[in-house]
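The values are calculated or read from the model by the stated rules, or taken from the named source; none is laboratory data. Note that the coordinates shown come from a computational prediction; the quantities given were computed from them, not determined experimentally. Every residue, glycine as well, gets a Cβ built from its backbone with ideal geometry; the counts of neighbours run over all protein chains shown.
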Amino acid sequence: MIRYKPLAEETAGSIRRHLPGSPEAGLITGTGLGGGVPEMTAAVDFDYRDLPHFPRSTVAGHPGRLSVGRIAGRLVMACRGRFHLYEGYDPLEVTFPVRVMQELGVSCLIVTNAAGGLDPAFAPGDIMQIRDHINLTGANPLCGPNEERWGPRFPDMSRVYDPALGALAGRKAREIGFELRRGVYTGLRGPSLETPAEVRFLKIIGTAAVGFSTVMETIAGVHAGMRILGLSIVTNVHDPDLPAPATLEEIVAVANGAAPRLAAVLEAVIAEL
């Protein structure tokens with residue numbers, strides 16, 4: 001079995017040489033949400049291909065670049081593009097960026113995604129604060145031997161998403177001029193989109209938004225002892241009685257449109273970490 005800690009240490013070391021200090025926060029962006037990263041100053045950019053052991057983004061809407069710079073005066077590490085189980089990556093590869101962040105000293109993880117809405121009150125372009133999640137991927141990044149230096153064998157999952165960070169994000173969104181939605185995010189393996197019967201099932205178990213990401217990184221973040229904020233961009237709303245096709249192009253377009261509001265909220269939140 002591959003031991004990922006030495007690999008993450010090597011990757012972190014190659015990044016650390018270019019940094020003025022340790023990042024306080026880490027940010028992982030979802031499909032079409034590269035523009036959701038607030039403007040950075042004094043940024044250092046890396047192509048994923050140039051980082052040792054780093055996976056490669058293979059999906060449209062994921063630029064595959066890592067940036068470390070200052071947002072509202074705080075040093076932030078931003079992954080513009082993530083990795084998914086459906087691409088063929090295993091859970092430890094999907095969560096490798098989180099482990100690199102952990103090695104660099106990141107204590108706050110912000111995860112964003114593009115998701116399908118299941119709440120009929122939602123509209124495309126809404127931003128939902130994730131208050132909890134359901135893992136239906138059939139996978140977990142903590143399976144196998146536990147790396148004790150990274151975290152405990154059985155991390156508690158009763159408070160995954162930090163309530164104070166969620167409240168802060170909601171307050172900042174209101175100050176900007178809009179309301180964050182709140183709800184449960186369910187992670188599926190993908191890549192096939194949901195059938196109407198699956199949508200009905202997901203609604204029954206309390207899902208407000210569904211997607212193919214975020215859960216793996218969040219579990220790793222909890223294991224690492226990070227405070228976590230999760231935000232979903234609702235790109236389309238499922239009606240199982242009137243199913244409508246959804247294309248990647250449409251999803252990316254809606255995500256791109258919501259990215260500036262997302263960036264504004266994130267900048268305001270980071271300023272008060």
When every residue in region 43-66 that is in a strand (DSSP E or B) and in contact with a Leu (Cβ under 9 Å, 6 or more places away or on another chain) is compared, the one nearest to residue 215 (Cα to Cα) is 66
Residue pairs within 8 Å by beta carbon, gap of at least six or interchain, first lying in region 149-168 and closer than 22 Å to residue 104 by Cβ, second loosely packed, with under 13 Cβ neighbours inside 10 Å and among the small types (Gly, Ala, Ser), listed first then second, are 151/225
Apart from one, (1) closer than 30 Å to residue 116 by Cα; (2) at pLDDT below 95 all hold for residue 28; the odd one out is (2)
Considering residues that are within 17 Å of residue 123 (Cβ to Cβ) and not acidic (Asp, Glu), the number found within region 223-239 is 8
Restricting region 168-222 to residues that are surrounded by 22 or more Cβ atoms within 10 Å (Cβ to Cβ) and among the aromatic types (Phe, Trp, Tyr), the one farthest from residue 127 (Cα to Cα) turns out to be 212
Scanning region 133-167 for residues that are among the polar types (S, T, N, Q) and farther than 29 Å from residue 261 by Cα, the one surrounded by the fewest Cβ atoms within 10 Å (Cβ to Cβ) turns out to be 158
If you check residue 235 against the conditions, is it in contact with a helix residue (DSSP H, G or I) (Cβ under 9 Å, 6 or more places away or on another chain), outside any helix (DSSP H, G or I), modelled with pLDDT of 95 or more and not acidic (Asp, Glu)? no
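Residue-by-condition table, conditions (1) without any contact (Cβ under 8 Å) to a residue 40 or more places away in the chain; (2) in contact with a Ser or Thr (Cβ under 6 Å, 6 or more places away or on another chain); (3) farther than 15 Å from residue 68 by Cβ:
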| position | (1), (2), (3) |
| --- | --- |
| 86 | no, no, yes |
| 94 | no, no, yes |
| 106 | no, no, no |
| 111 | no, yes, yes |
| 115 | no, yes, yes |
| 119 | no, no, yes |
| 122 | no, no, yes |
Checking 244, 220, 258, 224 in turn, the sole residue that is in contact with a Ser or Thr (Cβ under 7 Å, 6 or more places away or on another chain) and among the hydrophobic types (A, V, I, L, M, F, W, C) turns out to be 220
Going through region 68-102 in order, the residues found to be within 15 Å of the chain's Cα centre (by Cα), on the phi < 0 side of the Ramachandran plot and of a type in the set (Gly, Ala, Ser) are 78
Just one listed residue, out of 121, 72, 78, 139, is of a type in the set (Gly, Ala, Ser) and under 19 Å from residue 191 (Cα atoms), and it is 139
- prompt: Can we say residue 225 is under 18 Å from residue 131 (Cα atoms), surrounded by fewer than 16 Cβ atoms within 10 Å (Cβ to Cβ) and in contact (Cβ under 8 Å) with a residue 40 or more places away in the chain?
  reply: yes
For region 234-258, the count of residues that are within 10 Å of residue 114 (Cβ to Cβ) and touching a strand residue (DSSP E or B) at 6+ places or on another chain (Cβ under 8 Å) equals 8
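So that you can scan it fast, the table gives a plain yes or no per residue for (1) outside any helix (DSSP H, G or I); (2) within 18 Å of residue 136 (Cα to Cα); (3) in contact with a Pro (Cβ under 6 Å, 6 or more places away or on another chain):
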{"residue": "199", "(1), (2), (3)": "no, yes, yes"}
{"residue": "210", "(1), (2), (3)": "yes, yes, no"}
{"residue": "220", "(1), (2), (3)": "no, yes, yes"}
{"residue": "228", "(1), (2), (3)": "yes, no, no"}
{"residue": "262", "(1), (2), (3)": "no, no, no"}
Considering region 38-77, residues that are β-branched (Val, Ile, Thr) and buried (at least 24 other Cβ atoms within 10 Å of the Cβ), and then whichever is nearest to residue 90 (Cα to Cα), we arrive at 76
